[in-house]
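Engineer: Quick one: this structure, given as structure tokens, is what I'll be asking you about.
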Amino acid sequence: MEAKVISRGTGRSAVAAATYMSCSRIFNDYDGVQHDYTRKQGLVWQQVFLPDMAPAEWIDREILWNAVEEVEKTKDSRLAREFVVALPVELSRDEGIALLTDFIQANFVAEGMCADVCIHDTDGHNPHAHIMLTVRPLTKVGTWQHKTEKEYLCVRDGEEQGFTAAEFKLEQSEGWEKQYQYKAGKKKVYMPPSQAEAQGYERISKYPKSTKYGRQNPISERWNSEDQLALWRAAWADTVNRCLERFGHEERVDHRSHAERGLDEQPTIHEGVVARTLEKKGIISDRCELNRQIKADNALLRELKSLVKKLMDAVKNTVPAIAEAMEAARQKMIIFRYQLLHIGAGKKHFSDTLQVVQPDIKRYEDIVKQIKVKVRERRALLEEKKATSAIQVFRHRELAQKISGLTEDIEELKSEKALLLNQLNCAYDHGMAEIKQRITSMENSLNKLDQQGKKYVAELEAALAQYTELQQQAADMDAIELDTACHTIRSDKERETAQRLQAAYGKKFDSGMLVQSRMDIAEMVGKTTEPVSIRQSLKPLPGQQNSQSHKIEHSHER
């Protein structure tokens, strides 16, 4: 359940959003724009829901959303709230409509909101609904209420308190006064008129002192709260699960995060239509690639936890059982180490890209600022030159020289800017927005990999502690017999480990990285029994360092 706010402050329009989701044609009275999305595909159902107090003509979405646009006056007004909800593929079309209707009537229409709903399903595999809601409450007679009221900061006997206009009319007789700005010497101060007149101060503003944002309508305040959003998400999960149960399906959904549910697995990230489109064209998307790694890691984690639990439950104080458990723990450590190496390589890719691109972007932004400053300065000089009398020859000459110098500076900066754009593969300035979005996406992916790395470090430490515990448990056993038993089953375990990693990572699997993982784990558990041939197969790459981080990076690159 994805929540959004449609606001003029972000350049959006309620009429445009409603037109897009309904695949229709609507004229926006507010800005005079005709929106036409009749060629858009994927609309399978639509309906407008109204509370009892709403005007009946609002059942026409064109009238409804033009009424919303008309009542909102400011350039950054919040116009509507939008939810995008995924419909269970297990439900039929009619069952999905019934689910949506129940949820909207109970949670939105009953609260006094108007709801415009459309179901999209372009390919038959991704049914989802767009729900647009009004954000301004209605009165009992169907007129718009205020979202916020002006709140004046009034004083009485040195005490300051906020009142709305209606409240102030009632409290004025009790001695409360509004405060205005007066000039007291060189200072500007707020005080009530009675105090200012006594001191002979001059009022310099007709606007009384007030709070910055005013007093929010209690209904709007509740609708806009984080707690209410959490309640809506929980209500959606409950409604979906009741519907699945009613129609005989065993599947269930949960609105809580993995952390709230106590799950160790990492959640995937939202890929979006752009990433999916790139993948269809054969271009690897960073977001899709990260999700593939997360899914592979989660699958391995589930398998390993299940395997180790079974083995630990079956461990007896016998050499074969202890050897089996130790090799299973060793296998688990090798896989966790491989995942850490793989994550390290992914982090290096993102870090290297960011290290190269970020300085260019910063320099580009500095140049743009310099150009704006110099253009503004040149414009001021041109205006001054135009206003300067012709007889002031020396001043004209001085201004002309300054203008010429600024023009040369501007052209040099523009040339440098064009060079930077070329280096960043941008034809025009507006292409920088896309690059900045990609940089933000990379930074988010880097943070995600950092979180995964911390998780696998903890898992590796836990597996090592388990291995150490097994070693202590086997302290009284015959060391040679135990070592022989471990080596007897080790080759099968290593082959199984390689198969698991190959299945999980596919073409991304790196045999050199697996060898490095085995060597690291052997060193970690105090063993140096890796075959010499394996050690010799790890030929250092040109410029390879001795530090572990460079081992990770070069192993992945090879």
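Engineer: Looking at (1) open to solvent by 70 Å² or more (accessible area, probe 1.4 Å); (2) touching a helix residue (DSSP H, G or I) at 6+ places or on another chain (Cβ under 9 Å), which is the one condition that is false for Ala235?
Structural biologist: If we test Ala235 against (1) open to solvent by 70 Å² or more (accessible area, probe 1.4 Å); (2) touching a helix residue (DSSP H, G or I) at 6+ places or on another chain (Cβ under 9 Å), just (1) comes out false.
Engineer: On to the next question. For Lys140, indicate whether it is in a loop (DSSP other than H, G, I, E, B) and of a type in the set (Lys, Arg).
Structural biologist: Working: in a loop (DSSP other than H, G, I, E, B): yes; of a type in the set (Lys, Arg): yes.
Criteria met by Lys140.
Engineer: Right, Leu244: open to solvent by 80 Å² or more (accessible area, probe 1.4 Å), under 29 Å from Glu95 (Cβ atoms) and either in contact with a helix residue (DSSP H, G or I) (Cβ under 6 Å, 6 or more places away or on another chain) or modelled with pLDDT of 90 or more (or both) or not?
Structural biologist: For Leu244, the condition - open to solvent by 80 Å² or more (accessible area, probe 1.4 Å), under 29 Å from Glu95 (Cβ atoms) and either in contact with a helix residue (DSSP H, G or I) (Cβ under 6 Å, 6 or more places away or on another chain) or modelled with pLDDT of 90 or more (or both) - is not met.
Engineer: Is it the case that some residue within the range 76-84 is surrounded by fewer than 21 Cβ atoms within 10 Å (Cβ to Cβ), hydrophobic (A, V, I, L, M, F, W, C) and under 26 Å from the mean Cα position of the chain (by Cα)?
Structural biologist: Yes, there is a match, as at least one residue in the range 76-84 is surrounded by fewer than 21 Cβ atoms within 10 Å (Cβ to Cβ), hydrophobic (A, V, I, L, M, F, W, C) and under 26 Å from the mean Cα position of the chain (by Cα).
Engineer: State whether the residues of the range 129-143 include one that is touching a residue at least 60 places away in the same chain (Cβ under 8 Å), of a type in the set (Ser, Thr, Tyr) and surrounded by 20 or more Cβ atoms within 10 Å (Cβ to Cβ).
Structural biologist: The answer is yes, given that some residue of the range 129-143 is touching a residue at least 60 places away in the same chain (Cβ under 8 Å), of a type in the set (Ser, Thr, Tyr) and surrounded by 20 or more Cβ atoms within 10 Å (Cβ to Cβ).
Engineer: Here's another thing I want to ask about it. Would you mind stating whether Ile367 is of a type in the set (A, V, I, L, M) and closer than 28 Å to Thr407 by Cα? Spell out the reasoning first.
Structural biologist: Values: of a type in the set (A, V, I, L, M): yes; closer than 28 Å to Thr407 by Cα: yes.
It is true that Ile367 is of a type in the set (A, V, I, L, M) and closer than 28 Å to Thr407 by Cα.
Engineer: Separate question: Can you tell me which residues in the range 427-482 are over 36 Å from the mean Cα position of the chain (by Cα) and outside any helix (DSSP H, G or I)?
Structural biologist: Scanning the range 427-482 gives Ala474, Ala475, Asp476, Met477, Asp478.
Engineer: For a quick check of your reading of the model, give me the residue pairs whose first member lies in the range 434-456 and is touching a residue at least 60 places away in the same chain (Cβ under 8 Å), whose second is of a type outside the set (Phe, Trp, Tyr) and open to solvent by 70 Å² or more (accessible area, probe 1.4 Å), with beta-carbon atoms closer than 8 Å and at least 6 apart or on different chains.
Structural biologist: Ile439/Gln358; Ser441/Arg287; Ser445/Arg287; Lys455/Asp264
Engineer: Related question: Output the residue which, of all residues in the range 4-24 that are touching a His at 6+ places or on another chain (Cβ under 7 Å) and free of Cβ contacts under 8 Å to residues at least 24 places away in the same chain, is most open to solvent (accessible area, probe 1.4 Å). Give the derivation first.
Structural biologist: Narrowing the range 4-24 to residues touching a His at 6+ places or on another chain (Cβ under 7 Å): 15-16, 19, 21.
Applying the additional criterion that residues be free of Cβ contacts under 8 Å to residues at least 24 places away in the same chain yields 16, 19.
Details: Ala16: 20, Thr19: 0 Å².
Among residues in the range 4-24 that are touching a His at 6+ places or on another chain (Cβ under 7 Å) and free of Cβ contacts under 8 Å to residues at least 24 places away in the same chain, the one most open to solvent (accessible area, probe 1.4 Å) is Ala16.
Engineer: Thr74 passes all but one of (1) under 21 Å from Tyr37 (Cα atoms); (2) part of a loop (DSSP other than H, G, I, E, B); which number fails?
Structural biologist: (1)
Engineer: Of all residues in the range 145-159, which are aliphatic (A, V, I, L, M) and within 30 Å of Val135 (Cα to Cα)?
Structural biologist: Taking the range 145-159 and keeping what is aliphatic (A, V, I, L, M), we get 153, 155.
The one that is aliphatic (A, V, I, L, M) and within 30 Å of Val135 (Cα to Cα): Leu153.
Engineer: For the range 247-281, what are the residues that are over 15 Å from Ala86 (Cα atoms), surrounded by 15 or more Cβ atoms within 10 Å (Cβ to Cβ) and in contact (Cβ under 8 Å) with a residue 60 or more places away in the chain?
Structural biologist: Within the range 247-281, Gln266, Ile269 qualify.
Engineer: Please verify whether Asp31 is assigned to a loop (DSSP other than H, G, I, E, B) and within 29 Å of the chain's Cα centre (by Cα), treating the condition exactly as stated.
Structural biologist: When the stated conditions are applied, Asp31 does not pass them.
Engineer: A follow-up question, please. Which pairs turn up if I take residues in the range 341-353 that are within 13 Å of Asp286 (Cα to Cα) and look for partners that are assigned to a helix (DSSP H, G or I) and small (Gly, Ala, Ser) with beta carbon separation below 7 Å, at least 6 apart in sequence or on another chain?
Structural biologist: Sorted first by the residue in the range 341-353, then by its partner, the pairs are Phe350/Ser445.
Engineer: Moving on. With the requirement that a residue be more than 58 Å from the chain's Cα centre (by Cα) and either in a helix (DSSP H, G or I) or among the hydroxyl-bearing types (Ser, Thr, Tyr) (or both), what does the range 381-395 give you?
Structural biologist: Step one: of the range 381-395, the residues more than 58 Å from the chain's Cα centre (by Cα) are 389-394.
Scanning the range 381-395 gives Ser389, Val393, Phe394.
Engineer: Would you please list the contacts, defined by Cβ atoms under 7 Å and residues six or more apart or on different chains, that run from a residue in the range 400-427 that is without any contact (Cβ under 8 Å) to a residue 12 or more places away in the chain to a residue that is part of a helix (DSSP H, G or I)?
Structural biologist: Short answer, once both residue conditions are applied: Cys426/Met432; Cys426/Ile435.
Engineer: Specify the residue that is farthest from Tyr456 (Cα to Cα); the eligible residues are those in the range 478-505 that are open to solvent by less than 40 Å² (accessible area, probe 1.4 Å) and either among the charged types (D, E, K, R) or without any contact (Cβ under 8 Å) to a residue 12 or more places away in the chain (or both).
Structural biologist: Per the criteria, the residue is Arg490.
Engineer: Name, by its number, the condition in (1) part of a helix (DSSP H, G or I); (2) touching a helix residue (DSSP H, G or I) at 6+ places or on another chain (Cβ under 8 Å); (3) open to solvent by less than 70 Å² (accessible area, probe 1.4 Å) that does not hold for Glu377.
Structural biologist: (3)
The values are calculated or read from the model by the stated rules, or taken from the named source; none is laboratory data. On a predicted model such as this, the values are computed, not experimentally measured, just so you know. Ideal geometry is used to build each Cβ from the backbone, glycine not excepted, and the neighbour counts take in all protein chains shown. Protein only, heavy atoms only, side chains kept; ligands, DNA and RNA dropped before computing areas. Shrake-Rupley method; radii C 1.70, N 1.55, O 1.52, S 1.80 Å.
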